[in-house]
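**Student:** Before I ask anything, let me first share the structure, which is written out below as structure tokens.
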Amino acid sequence: MSALYLARGASKVVRRITSETSVELKILSEKWQLLLAGLVFQYIHGLAARGVHYLHRPGPILQDLGFMILPELGKERGYISETLFTFIFVSFVLWTFHPFILQTKRFYTVLIWRRVLAFLCASQLLRIVTFYSTQLPGPNYHCREGSPLAKLPQPQNVAEVLLINFPRGVIYGCGSTSVLPVSMKEKDSKIKEDKTRLLNGNSVDSADWRPWTQMNGKHIENGNHLDTETTKT
């Protein structure tokens, strides 16, 4: 009796998969252009991320509220975040195909992936603009100072860039540099150092002066150091 019940159930599932596949293929034949464009853009995004890795320079880790609330897992437990992401992603992919099996159909798989890729491409385009216009040091362990993967050697040919070293190049990518933050930090530390020297009566090398603008309440104009707090005293 149970074998007969299972046979009927399997027959219903097969018929539903066949019927759903024919409908989805019909929709795919009409909507394939945007799906193909979305898949091609995934390569373009990977290529852009690979390209910015050549510009990456390791530096101090920038702190923010996220780092304060969620402490680092540690290098030896880095697999936790990767496992969590993989679980969420695979679960979503399987969910988009559930109309092929379950009768509670509320959408078409082709259309849902069409929308997903559209939003994904828009987000990735903004991400490309962001990590090329604002280059920061990568926080991941393989992007930090001392890691052999933090900086990539200059490519020898175009094919080396176009192949993007998949999948290693995607997993171990570093998408930022520290040009702006480090330079500002160096200027700030230089000002504090010079102020200490002047207060102690020590001379400062004139070759170190630059026509810096106002920063952190300290004025530097035409090579002359003027601290607003010092002049008041």
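Bear in mind these aren't lab numbers, they're just calculated from the coordinates by the rules spelled out. All of these numbers come straight from a predicted model, not from anything done at the bench. Every residue, glycine as well, gets a Cβ built from its backbone with ideal geometry; the counts of neighbours run over all protein chains shown.
**Student:** Pull out the extension gain between Leu111 and Ala159, defined as 0.36 nm times the separation in residues minus the alpha carbon to alpha carbon distance; nm, one decimal.
**Tutor:** This chain segment gains 13.8 nm when fully extended.
**Student:** If you plug each phi of region 89-102 into the Karplus form 6.51 cos²θ - 1.76 cosθ + 1.60 with θ = phi - 60°, what whole-Hz ³J(HN,Hα) values come out, in order, with x for Gly and Pro?
**Tutor:** With coefficients 6.51, -1.76 and 1.60, one gets 5, 5, 4, 5, 4, 5, 5, 5, 9, 5, x, 6, 10, 7 Hz.
**Student:** Which distance in nm do the two modelled labels at Ile27 and Tyr43 give, with both placed 7 Å along the Cα-to-Cβ direction?
**Tutor:** Distance between label points: 2.6 nm.
**Student:** Could you work out how much longer the chain between Ser147 and Thr130 gets when fully extended? Use 0.36 nm per residue separation minus the Cα distance between them, nm to one decimal.
**Tutor:** Going from the current span to full extension adds 3.7 nm.
**Student:** I would also like to ask the following. What percent does the relative contact order of region 2-177 come to when contacts are Cα pairs within less than 8 Å and at least six residues apart?
**Tutor:** After rounding, I find 42 percent.
**Student:** Please list 3J(HN,Hα) in residue order for region 128-144, calculated via the Karplus relation 6.51 cos²θ - 1.76 cosθ + 1.60 where θ = phi - 60°; whole Hz, with x for glycine and proline.
**Tutor:** Going residue by residue, I get 4, 4, 5, 7, 8, 8, 10, 9, 10, x, x, x, 5, 4, 6, 9, 8 Hz, with x marking Gly and Pro.
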